Amino acid sequence: MTEEQDRKKEKLLSVVVSVYNEEQALAEFYQETSRILKTLPWDYELIFVNDGSRDGSLSILARLSEADSRVKVVDFSRNFGHEAAMIAGLDYSRGDGIVCMDADLQHPPECLPDIVSRFEEGYQVISMVRTKNADAGLIKNITSSGFYWLINAISDVHFEPNASDFFALDKAVARVLQTSYREKVRFLRGYVQNVGFKKTTLSYEARPRVAGESKYSLKKLFIFSVNTILCFSNMPLKLGIYAGMVSGLLGLAVMIYTLFTRSGAPSGYATIVVLICFMFAMLFLIVGIIGEYIAILFTELKDRPVYIVSNTINMENNGER
Ligand code: UDP
Ligand code: MG
């Protein structure tokens, strides 16, 4: 495609890519994605957010951005996590349409032309739904379905099962996420699915990771899931009320039973021990849940930055934030 043809492209697509120790995947990602981006009717920028990588990712990105001015880099001062990296990418992008994707080619760039045509049809939020995940094991698949079932059961917002961190937004929606939803404990995918606007879904098959390994351990996913449930539902806070009602009824039943059978105190020993253990377990569980909510409140209250940028490359036209 010649320079002249490029200049005719009026709209801009920003592709936001979070990068954490992806030195083995970056070159291939850049090549494959650029090849497809060049065929699009829109101009593009590739925004790589380096989330405190400890390997050679940054030097690869610096090299790519030197050779290609469409490659832009936001470099974090340390690792802030995938979510923070996507938010930074949204903050810095200036496209009419913005796509968030992973650097490991699990989110196939072949979907980009479809995404652009959906934008042209007037859709504003495009969720990419995974039909198959070549890398996820049985445990990851079961826990993921369990998580979506639970969150949909106890929260008022609806979560698309199998929605991934692969999604596309237009400028207006990006503006909403740039100014609101700036929570410190967050689930970007949840906001994307619940801001409204004209929405559609596209399905894709997740490919195996091109190189390196997943940065999300089961432990990280567990913490992430608990935080999401606490952020999107107040139901766990009300458990105390339900538990109180249940134990009240239980007490009443035991009282009636004792009165009617007139059983003597010594035979009730085991009952008392079991009841005390049960009650304390419930009490501590509920205190723990309240503690988790307080921890989130405390984090929000401290209002620390979601991310800290130490350097940017080729960002002259995107405006610093
Ligand atoms: N990532 C990141 N910061 C992190 C962990 C991951 O920016 O702390 C990036 C990572 O480089 C990749 C994307 O987020 O581009 C998704 O991570 P990964 O592929 O490890 O997760 P999975 O696809 O296995 O869920
Ligand atoms: Mg991945």
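The values are calculated or read from the model by the stated rules, or taken from the named source; none is laboratory data. Fair warning: this is a prediction, and the values are worked out from it, not measured in the lab. Positions of Cβ are backbone-derived with ideal geometry, glycine not excepted, and every protein chain shown enters the neighbour counts. All accessible areas refer to the heavy atoms of the entire protein, side chains included, with ligands and DNA or RNA removed. Shrake-Rupley method; radii C 1.70, N 1.55, O 1.52, S 1.80 Å.
How about K238: which aspartates and glutamates have a C-alpha closer than 17 Å to its C-alpha, ignoring those fewer than 8 places off in the same chain?
Cross-link targets: D156, E292.
Put +1 on the Cβ of every Lys and Arg and -1 on every Asp and Glu Cβ in the range 1-157; which of F147, S77, L64 then has its Cα farthest towards the positive end of the dipole?
F147
About its Cα centre, how strong a charge dipole does the chain have in debye, to the nearest 20, once Lys and Arg get +1 and Asp and Glu get -1 at the Cβ?
1140 debye
So what's the convex hull volume per residue for the Cα atoms of the range 79-200, in Å³?
Values: hull volume 15.1 nm³, N = 122.
Roughly 124 Å³ of hull volume per residue.
Roughly how many Å² is the accessible area per residue of the chain, as a whole number, for a 1.4 Å probe?
Working: 17130 Å² over 321 residues.
Per residue, the chain has an accessible area of 53 Å².
Add -39500 (n - 2.57) for each DSSP H run of 4 or more in the chain, then divide by its residues: what number comes out at 222 nm, to the nearest 500 deg cm²/dmol? Provide the component values of the computation, followed by the final result.
Working: 11 runs with 159 residues, N = 321.
Theoretical 222 nm ellipticity from helices: -16000 deg cm²/dmol.
Give me P(r) over the range 174-260, computed from all C-alpha to C-alpha distances, binned every 5 Å, as integer percentages.
2, 9, 11, 12, 13, 14, 10, 6, 6, 5, 4, 3, 2, 1, 0
Assuming R0 = 22 Å, what is the FRET efficiency of Y242 and I294, from their Cβ-Cβ distance, to the nearest 0.05? Before the final figure, lay out each step's value.
Working: r = 20 Å, r/R0 = 0.91.
Rounded to the nearest 0.05, the efficiency is 0.65.
What is the Å³ per residue value for the convex hull set by the Cα atoms of the range 1-140? Write down the numbers at each step before the final one.
Working: hull volume 17.1 nm³, N = 140.
Per residue, the Cα convex hull of the range 1-140 comes to 122 Å³.
Take every Cα-Cα pair in the range 278-321 and report what % of them are more than 17 Å apart. Present the calculation step by step, with values, prior to reporting the outcome.
Values: 571 of 946 pairs.
The calculated P(r) of the range 278-321 puts 60 percent of pairs beyond 17 Å.
Once phi is turned into ³J(HN,Hα) by the Karplus curve 6.51 cos²θ - 1.76 cosθ + 1.60 with θ = phi - 60°, what whole-Hz value does each residue of the range 137-148 show in order, with x for glycine and proline?
x, 4, 4, 4, 5, 5, 5, 5, 5, x, 4, 5
If you take the beta carbon distance between V176 and T261 as r and set R0 to 45 Å, what does 1/(1 + (r/R0)^6) give as a FRET efficiency, to the nearest 0.05?
Working: r = 64 Å, r/R0 = 1.41.
The value I calculate is 0.10.
In nm, what is the difference between 0.36 nm times the number of residues separating K132 and F284 and their Cα-Cα distance?
Working: separation 152, 0.36 × 152 = 54.72 nm, distance 3.99 nm.
Gain in length upon complete extension: 50.7 nm.
Length gain on complete extension for the stretch T143 to V274, per 0.36 nm per residue less the alpha carbon to alpha carbon distance?
Values: separation 131, 0.36 × 131 = 47.16 nm, distance 3.15 nm.
Gain on stretching T143 to V274: 44.0 nm.
Roughly speaking, what is the stretch gain from T39 to E213, that is 0.36 nm per residue apart minus the C-alpha to C-alpha distance, in nm to one decimal? Mind showing how you got there, number by number?
Details: separation 174, 0.36 × 174 = 62.64 nm, distance 3.01 nm.
Length gained between T39 and E213: 59.6 nm.
Let's test the formula: R0 of 45 Å, r as the Cβ-Cβ distance of E66 and V254. What FRET efficiency results, to the nearest 0.05? Working shown, then result.
Numbers: r = 76 Å, r/R0 = 1.69.
The formula returns an efficiency of 0.05 here.
Among DSSP bridges having both ends in the chain, what percentage is antiparallel? Round to the nearest 5.
On the way: 12 of 39 bridges.
Around 30 percent of the beta bridges assigned by DSSP in the chain are antiparallel ones.
What do the square roots of 5 times the Cα gyration tensor eigenvalues come to for the chain, in whole Å, largest first, as semi-axes of the equivalent ellipsoid?
On the way: eigenvalues 476, 76, 66 Å².
Values for the chain, descending: 49, 19, 18 Å.
Could you work out the local net charge near E23, counting Lys and Arg as +1, Asp and Glu as -1, over the other residues with Cβ closer than 14 Å to its Cβ?
Values: positive: R54, R63, R209, K215; negative: E22, E28, D51, D55, D104, E213.
Local net charge: -2.
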